[in-house]
Structures are given as C-alpha cells and as structure tokens.
1. Go through segment 10-30 and give me each residue that's more than 10 Å from the chain's Cα centre (by Cα), without any contact (Cβ under 8 Å) to a residue 12 or more places away in the chain and closer than 17 Å to residue 58 by Cα.
2. Residue 3 is checked against (1) modelled with pLDDT of 90 or more; (2) open to solvent by less than 90 Å² (accessible area, probe 1.4 Å) and fails just one. What number does that condition carry?
3. Scan segment 31-49 and report the pairs whose first residue is open to solvent by less than 90 Å² (accessible area, probe 1.4 Å) and whose second residue is not in a helix (DSSP H, G or I), with Cβ atoms within less than 6 Å and a gap of 6+ or a chain change.
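The values are calculated or read from the model by the stated rules, or taken from the named source; none is laboratory data. What you see is a predicted model, and the numbers here were worked out from it, not measured in a lab. Glycine gets a Cβ as well: all are built from the backbone with ideal geometry, and neighbour counts include every protein chain shown. Quick note on the areas: whole protein, heavy atoms, side chains included, nothing else; ligands and nucleic acids left out. Shrake-Rupley method; radii C 1.70, N 1.55, O 1.52, S 1.80 Å.
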Amino acid sequence: MKAKEQRAKSHAALQKELQECQARMKTFRFQLSANRLKTVREVRATRKAIAQIHTILREQNQTLTQPQT
C-alpha cells in the first residue's frame, strides 16, 4: 500500500494494520526457522510496511502534540 493511502487512514485503522503485519512477521520467523518459508521477499516487504506504519503514526502523534501558532 502506498504511504499516501496509509496517511488517509485513521489512527485506529493503522494500529490494526500494524498488529496484522506484526503477526504476519511472527509467522514468517517461525517458517524461516523451520525452513518452510517459500518467499523471503515477503519478509522484506512486511518489514518495510511495519516501518512505514510506525513512521506515519509518529507523524500523526507529532502533529497532534504540536501547538498551533
């Protein structure tokens, strides 16, 4: 998903998506340790998605806490 589309989502929707990505990453780690992971590329994409969501959540928190002048 593009970052522009993610920025349009609410804080709760981003939190839910973050939890889903983290759960997917957990299953990838188990599959990797058991040598059952078929595509390593998905691990990279999931890590990137988690980082994007963290960045967008941080940006939203900063805009909410900054005093408006």
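1. Across segment 10-30, the qualifying residues are 10, 12, 13.
2. Unmet for residue 3, out of (1) modelled with pLDDT of 90 or more; (2) open to solvent by less than 90 Å² (accessible area, probe 1.4 Å): (1).
3. Going by the 6 Å Cβ cut-off, the qualifying pairs are 31/37.
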